[in-house]
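Peer 1: Let me give you the structure first, and then I'll get to my questions.
Rule-based calculations on the coordinates, nothing more; no lab input. Remember, predicted model here, so these are calculated numbers, not experimental data. For neighbour counting, all protein chains shown are included, and Cβ atoms are generated from backbone atoms with ideal geometry for every residue, glycine included.
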Amino acid sequence: MNSSSASHSDAKSSDPSAASAEDLQASSPEITETTVASHNEQAAEPVRIRYRVRFAKSGLLRWISHRDLARLWERMLRRAQFRLSMTQGFNPKPRIGFPSALALGVDGLEEVVELEFAEDLAPAVVLRRLENDQQPGLAIASVCKVPEGFKKPQLERSEYLITKPDDVDDSIVKSAIDKLLSTPTVSVIRKKKTLIFETQTQILSLVSQSNSIELTLAASDAATLKPQDVLELLGFQDWIERGSLITRNRVHLQQDIQSKDPQVIAFAASESKNNQT
């Protein structure tokens, strides 16, 4: 045997991961072809663990676009040195998904983002590393490890609170709400196109409170009404200019994870008291 063949043989024998199917079977007659195939398949399959994060976005962050928010999350994850699961292709990107984009200028108190890592971490570890980033305007509420078989998050409905400007006549507000809810269909012009919506299908709840309006909007795969559309339909399109603020208090998913197991979900300190019972 020449020197090159010997060195190749030595390197091969010192590296168990380089063993071929023939090597495995030769070293142990009990190993079958099925076992070898399973070994090779497991070695090639990358780790992909999904985590569902609920977070608040407020302050100056309400003025960043949805695309910029996704970039912000990517930078956060890289600073926290997570091993990210990447998409395939010529331009791989981290797997970061949002079930619903938040409109510019709207605060979100309990938004959802789903992250995919190439490592298996406890939810508490992910939560702590995200909190340590201390991104201004962004607060982490909880981190949940998504069980196998769970579908990607899909929005079912969103709850909003719209503050009233000063010197608003409540009787006018209530009258406008009653009129809108009694209208079977409404039309909205969006990108020079007229869209028709069924009022009762889209607006699940619309209630006037002393200083605000509480609004619940349904989600669907097609176009849906936005809070700004509802204000315009009510005849209050000038409220934003007069200081009215829109906040999305919560997003409800079609399939949510119901668990309080610390191996599955971890809550921030500000949220843990509300989830102990």
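Peer 1: Assign unit charges at the C-beta atoms only (+1 for Lys and Arg, -1 for Asp and Glu), then state the dipole size of region 155-252 relative to its Cα centre in Debye, rounded to the nearest 20. Walk me through the numbers on the way to the answer.
Peer 2: Numbers: 12 positive and 14 negative charges, 87 e Å.
About 420 debye.
Peer 1: While we're on this one: Rounded to whole Hz and in sequence order, give me ³J(HN,Hα) for region 215-224 from the Karplus expression 6.51 cos²θ - 1.76 cosθ + 1.60, θ = phi - 60°, writing x for Gly and Pro.
Peer 2: Taking θ as phi minus 60°, the curve returns 10, 10, 10, 7, 10, 7, 6, 8, 5, 9 Hz for region 215-224.
Peer 1: With a ≥ b ≥ c taken as the square roots of the eigenvalues of the C-alpha gyration tensor of region 90-146, please select rounded if a/c is under 1.5 and otherwise prolate if a/b is larger than b/c or oblate if it is not?
Peer 2: On the way: a/c = 1.80, a/b = 1.17, b/c = 1.54.
Oblate shape, in that a/c is at least 1.5 and b/c is the bigger or equal ratio.
Peer 1: Collect residues whose amide H, placed 1.01 Å from N in the peptide plane, falls under 5 Å from the amide H of Ala103; neighbours closer than 5 in sequence don't count.
Peer 2: none
Peer 1: OK, next. Distance between the C-alpha centers of region 94-130 and region 205-247? Whole Å please.
Peer 2: 26 Å
Peer 1: Once R0 is set to 22 Å, what does the formula 1/(1 + (r/R0)^6) return for the Cβ-Cβ distance between Gln134 and Trp63, expressed as a FRET efficiency to the nearest 0.05? Could the numbers behind the result be given before it?
Peer 2: Values: r = 19 Å, r/R0 = 0.89.
After rounding to 0.05, the efficiency reads 0.65.
Peer 1: At a Förster distance of 25 Å, what's the computed FRET efficiency of Ala103 paired with Asp169, Cβ-Cβ distance as r, to 0.05?
Peer 2: Values: r = 27 Å, r/R0 = 1.08.
That pair, Ala103 with Asp169, gives E of 0.40.
Peer 1: Please compute the length gained on full extension between Asp256 and Ser182, using 0.36 nm multiplied by the number of residues separating them and subtracting their Cα-Cα distance.
Peer 2: Details: separation 74, 0.36 × 74 = 26.64 nm, distance 3.23 nm.
Using 0.36 nm per residue and subtracting the Cα-Cα distance, I get 23.4 nm.
Peer 1: If I histogram all Cα-Cα distances within region 155-252 using bins 10 Å wide from 0, what percent of pairs lands in each bin?
Peer 2: Calculated P(r), rounded to whole percents: 15, 51, 31, 3.
Peer 1: Ok, one more. May I ask you to evaluate 6.51 cos²θ - 1.76 cosθ + 1.60, the Karplus curve with θ = phi - 60°, for each residue of region 238-250 and list the ³J(HN,Hα) values in order in whole Hz, giving x for glycine and proline?
Peer 2: 8, 4, 4, 5, 8, x, 5, 10, 10, 10, 8, 6, 6
Peer 1: Excluding same-chain residues fewer than 8 positions from Lys57, which lysines have a Cα within less than 26 Å of its Cα?
Peer 2: In chain and number order, the partners are Lys93, Lys145, Lys151, Lys152, Lys164, Lys226, Lys260, Lys273.
Peer 1: For region 155-252, what relative contact order do you get, as a whole percent, if you take Cα pairs closer than 8 Å and at least 6 residues apart? Could you put the intermediate results ahead of the total?
Peer 2: Numbers: 146 pairs, mean separation 45.2, N = 98.
Dividing the mean separation by the residue count of region 155-252 yields 46 percent.
Peer 1: Additional query: What order do you get for 156-166, 259-269 when each peptide is scored by the mean count of other beta carbon atoms within 10 Å, highest first?
Peer 2: On the way: 156-166: 17.8, 259-269: 14.4.
The packing order, highest mean first, is 156-166, 259-269.
Peer 1: If you put +1 on each Lys and Arg Cβ and -1 on each Asp and Glu Cβ, how big is the dipole of region 37-177 around its Cα centre, in Debye rounded to 20?
Peer 2: Values: 22 positive and 20 negative charges, 105 e Å.
In debye, rounded to 20, region 37-177 gives about 500.
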